[in-house]
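Student: I'd like to ask some things about the structure below.
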Amino acid sequence: MHSQHLHIRNGRLIDPAGGLDQQLDLFVADGRIAAIGQPPAGFSADRQIDASGLIVCPGLVDLSARLGGIESELKAAVAGGVTSLACPPDTKPPLDEAGLVERLVRRSETLGLARVYPIGALTQELAGQKLAEMNGLARAGCIAFSQAKHPIIDTQLLLRAMQYAATFDYAVRLRPQDHFLAREGVAHDGEVASRLGLTGIPVSAETVAIATALHLAGETGVRLHLSRLSSGAGVDLIRTARQSGVLVTCDVSIHHLHLSETDIGYFDSNSRFDPPLRSAADREALRTAASDGLAAICSDHTPLDADGKQLPFAEALPGASGLELLLPLTLLWATQAKLPLISALARVTSDPASILGIATGSLSIGSAADVCIFDADEAWHVTPEALRSQGKNTPFLGRDVNGRVRMTLVGGRIVFEG
């Protein structure tokens, strides 16, 4: 499809990868960033886009978004300024066969909305028993391998998976949670869970799993990414490992930067997460990890229908819809943390792109024109009707947030216009 020549003018250009934050024009030709500041020789614009008072930045890169109905969720993604997303393997059926991965890639390319990067299953059927056919999955388009939230209880199998992945330089992503320590738990093992009579998941469920993963990663040299940290103790382990040279990256969900165990309130199932929302001190540690760049930020988008949430807290499905709230909640965190916008946006653009090993998340000349244009100050009210996702499940329902996407470009094509 022919991509237009676009002249985006008068916007505040923020490109964390290039260290750029100033008012400059941006020129797009043939699906790529053609020039910044002055137009390239012989450029004539098919369309002028006035971005006065708006921020122009790379499209957001989301490290984890589940796609129930793929079309509705990719529409939600581009409405939220997300132009690239990694899809975890716990689809139905799971992404453990090349054919399934190829179908997902083809379907997303046909829709022409956000770019979808599948994460392959580490074991067959995510059952934690036999290694999946990683080579075939990688050829089909998988950019990393993971168990999503399914455990590998057999540590020797986990070691073999890492050795195999290291041999071919595949990245392994793990959600660090010890199966036995977390087994019956539904909330953080703290005073709120005690008061509500909910079974707790101790912080040790996370730290024991992180320690195991770090030891095996150190031994195998695999590229390891630990997803969705929830505790200060977990952050400390990763910080120490990185200082000693272990190749490990990590992320935190945007919800865990804003919420803590007290947000469960009186059994609010919209605040049921896996890993659980932990103490206020844990939340502060996660905020620090994101501020100083140790952790990237993801939406952990989990769209659920009302039936999945309208249950007693302990039976409700964990997770929240997050694609359309990733940007406003990142802006809110940046304001509260007094963090420059360029640093905050790095956590949802260039940092996740570099973790995924994909060539997006920047506005460098010649790179694909994946661009998000947004009004940082425009307030909107989070209601089920305001969300394009099929998942209306979010603890932020009824809240006002700032930050509205006005336009999203993928490969130079306008895929969303607000």
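The values are calculated or read from the model by the stated rules, or taken from the named source; none is laboratory data. Keep in mind it's a predicted model, so treat the numbers as computed, not measured. Backbone-built Cβ (ideal geometry, glycine too); neighbour counts: all protein chains shown. Heads up: the accessible areas ignore ligands, DNA and RNA and are worked out on the full protein's heavy atoms, side chains in. Shrake-Rupley method; radii C 1.70, N 1.55, O 1.52, S 1.80 Å.
Student: Explain nothing, just the number: relative contact order of segment 200-348, from Cα pairs under 8 Å at least 6 residues apart, as a whole percent.
Tutor: 22 percent
Student: Would you tell me the accessible area of Asp305, worked out with a 1.4 angstrom probe on the heavy atoms of the protein chains, in Å² to the nearest 10?
Tutor: 100 Å²
Student: Which of His225, His150, His301 ends up with the largest GNM mean-square fluctuation for the chain, with Cα atoms connected below 10 Å?
Tutor: His150
Student: Sort out the exposed loop GluC sites (Glu not before Pro) in the chain (DSSP loop, at most 12 other Cβ within 10 Å) and tell me the longest stretch that has none.
Tutor: Counting at most 12 other Cβ atoms within 10 Å as exposed, the longest clean stretch of the chain is 1-183.
Student: Once you've got the GNM for the chain with C-alpha springs shorter than 10 Å, pick whichever of Asp307, Asp90, Asp15 has the biggest mean-square fluctuation.
Tutor: Of the options given, Asp307 has the highest mean-square fluctuation.
Student: Give the residue from Phe396, Ser364, Ile264 lying farthest towards the positive end of the charge dipole for the chain; charges sit on Cβ (+1 for Lys and Arg, -1 for Asp and Glu) and the dipole is referred to the Cα centre.
Tutor: Going by the charge dipole, the pick is Ser364.
Student: Send over the Kirkwood Rh of segment 217-262, from the inverse of the averaged 1/r over different Cα pairs, rounded to one decimal Å.
Tutor: Roughly 11.6 Å, rounded to one decimal.
Student: When only C-alpha pairs under 8 Å and at least 6 residues apart count, what is the relative contact order of the chain, in percent?
Tutor: Over the chain, the number comes to 20 percent.
Student: Let me ask something else about it. Could you list, bin by bin from short to long, the percent of Cα-Cα pairs of the chain in 20 Å steps?
Tutor: All Cα pairs, binned at 20 Å, distribute as 28, 59, 13, 0 percent.
Student: GNM, the chain, Cα, under 10 Å: largest mean-square fluctuation among Val382, Val405, Val203?
Tutor: Of Val382, Val405, Val203, the Gaussian network model singles out Val382 as fluctuating most.
Student: If you build the convex hull over the alpha carbons only and average its shadow over all orientations, what do you get for segment 146-243? Give it in nm² to one decimal.
Tutor: Mean projected area of the Cα convex hull: 6.1 nm².
Student: Right, next: Evaluate the charge dipole of segment 213-304 about its Cα centre and quote only its size in Debye, nearest 20, assuming +1 on the Cβ of each Lys and Arg and -1 on the Cβ of each Asp and Glu.
Tutor: The calculation lands at about 220 debye.
Student: Measure of size requested: the Rg and Dmax of segment 156-198, with Cα atoms as the atom set and Å as the unit; please supply both.
Tutor: Taking only Cα atoms of segment 156-198, I get Rg and Dmax of 16.6, 49 Å.
Student: Taking a 23 Å limit on the Cα-Cα distance, which of the listed pairs Lys92/Lys392; Lys149/Lys309; Lys149/Lys338; Lys75/Lys392; Lys338/Lys392; Lys92/Lys309 fall beyond it?
Tutor: Lys149/Lys338; Lys338/Lys392
Student: Now, a different point. Using only protein heavy atoms and a 1.4 Å probe, report how much of Phe267 is accessible, in Å² to the nearest 10.
Tutor: 70 Å²
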